[in-house]
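Encoded as structure tokens, the structure appears first; notes follow it.
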Amino acid sequence: MAIEKIATEDDTNVPHVLKIWIALYRSSPKVYLPGTDIDFGFSLRCAIPLSVSRIIFRHALYYFGWDQSKDTIYASGCVTGICHSSLLVPGLLAMLLSQKYVPSAKLQGSPQWYQDAMHALLGFCTGYMIYDSFMGFIVEVWQPGRGPVLSSDDWMYLGHHILTSLYMTSTRWVKAGHISAMVLMFFGELSNPFMNLKLILERALEQDCCKDVTWLPTLFVCNEQVFSICYIICRVFAASFVFPHLTYDLLIRGKKNAPMPLILCWLFLCYGVQFGSIPMIYTSIDNVKNGPLMSSAGAHGEL
């Protein structure tokens, strides 16, 4: 029924990759945050299949011989992370290409299909944050008599999830700035499948069931190179264009569309994540410099 409704609109303007998102969002019963018109029910419904998939992936790893350790639990979460990013990135790209790129733009005046797709994608990502916080920082770290026991890294990631969710939800609340959230999400999620695969392979190399898989170390090295290059492109080259323009647009044009204190909070979050990625940027640069690509280039240079 929801897909039929889309067909009544201008199909030439609705990217095919977004039609399923629009259909899912429109068919989902709405549960609004108190005092707002933000549908939070879609995020909660997305968190359920993500949680189930994490449990399924964990037991699949057990089936293939992985031990019942924290590494296996962590790896199952990484598989779900790959699924999340792989679903999200094509939709975000379609959204960014379908309308004029203005980070501070108002939602009002956009086609209804675009508004529904935006709510679906940001709601899905918020649902991922809810699921990962619940599974990773409550269920899987729960200790009888003590409750959830979190490490310093856990607290950092939990804070990231909360602040990211607030960013996305606030753009939906003020009906502006959603493009800024989507472009940051796009470049943040683009390298995520390779990062999660790297984390899985690191743990797979320590599993007894994978000791005889001779091609696994080669796959790890190749994927590490792909991830490092992708991360550098997103966090260095793309960021050097995206962040200055986003900052200018939010501060100059954005003040007409959203409260300035909220805009300053958005920018604080943007730059906080960017500066927080500096250690990984240096690690990625070292991986490329010491990896097979540069080694082969050096060998050719010597010849």
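The values are calculated or read from the model by the stated rules, or taken from the named source; none is laboratory data. Note that the structure is predicted; figures quoted are calculated from it, not measured. So basically every Cβ, Gly included, is an ideal-geometry build from the backbone, and we count neighbours across all protein chains shown. Note: areas computed on protein heavy atoms with side chains; ligands, DNA, RNA excluded. Shrake-Rupley method; radii C 1.70, N 1.55, O 1.52, S 1.80 Å.
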Of the residues in segment 133-160 that are touching a residue at least 40 places away in the same chain (Cβ under 8 Å) and open to solvent by 30 Å² or more (accessible area, probe 1.4 Å), the one that is nearest to ALA75 (Cα to Cα) is GLU140
Out of VAL52, VAL89, which single residue is part of a helix (DSSP H, G or I), aliphatic (A, V, I, L, M) and open to solvent by 60 Å² or more (accessible area, probe 1.4 Å)?
-> VAL52
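Residues checked against (1) at pLDDT below 95; (2) among the charged types (D, E, K, R); (3) within 14 Å of the chain's Cα centre (by Cα); (4) within 24 Å of MET260 (Cα to Cα):
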| site | (1), (2), (3), (4) |
| --- | --- |
| PHE134 | no, no, no, no |
| VAL141 | yes, no, no, no |
| LEU166 | no, no, no, yes |
| SER170 | no, no, no, yes |
| ALA181 | no, no, yes, yes |
| LEU205 | no, no, no, no |
Would you please list the contacts, defined by Cβ atoms under 7 Å and residues six or more apart or on different chains, that run from a residue in segment 264-282 that is in contact (Cβ under 8 Å) with a residue 24 or more places away in the chain to a residue that is open to solvent by 70 Å² or more (accessible area, probe 1.4 Å)?
-> LEU269/LEU163
Under 28 Å from TYR74 (Cα atoms) and touching a Leu at 6+ places or on another chain (Cβ under 7 Å), is that true of LEU250?
-> no
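Can you tell me which residues in segment 192-209 are of a type in the set (A, V, I, L, M) and either surrounded by 18 or more Cβ atoms within 10 Å (Cβ to Cβ) or within 14 Å of ILE73 (Cα to Cα) (or both)? If you could, list the steps in order and put the result at the bottom.
To start, the set of residues in segment 192-209 that are of a type in the set (A, V, I, L, M) comprises 195, 197, 199-201, 204-205.
Once the filter is applied, which keeps residues that are of a type in the set (A, V, I, L, M) and either surrounded by 18 or more Cβ atoms within 10 Å (Cβ to Cβ) or within 14 Å of ILE73 (Cα to Cα) (or both), segment 192-209 yields MET195, LEU197, LEU199, ILE200, LEU201, ALA204.
Quick one: in segment 162-206, of everything that is charged (D, E, K, R) and not in a helix (DSSP H, G or I), which residue is farthest from ILE281 (Cα to Cα)? Steps first, answer last, please.
Restricting attention to segment 162-206, the residues satisfying the condition of being charged (D, E, K, R) are 172, 175, 189, 198, 202-203, 206.
After this cut, where a residue has to be not in a helix (DSSP H, G or I) as well, the list is 175, 206.
Values: LYS175: 33, GLU206: 25 Å.
My answer is LYS175.
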Would you mind stating whether ARG45 is modelled with pLDDT of 95 or more, in contact with a helix residue (DSSP H, G or I) (Cβ under 8 Å, 6 or more places away or on another chain) and within 30 Å of ARG172 (Cβ to Cβ)?
-> yes
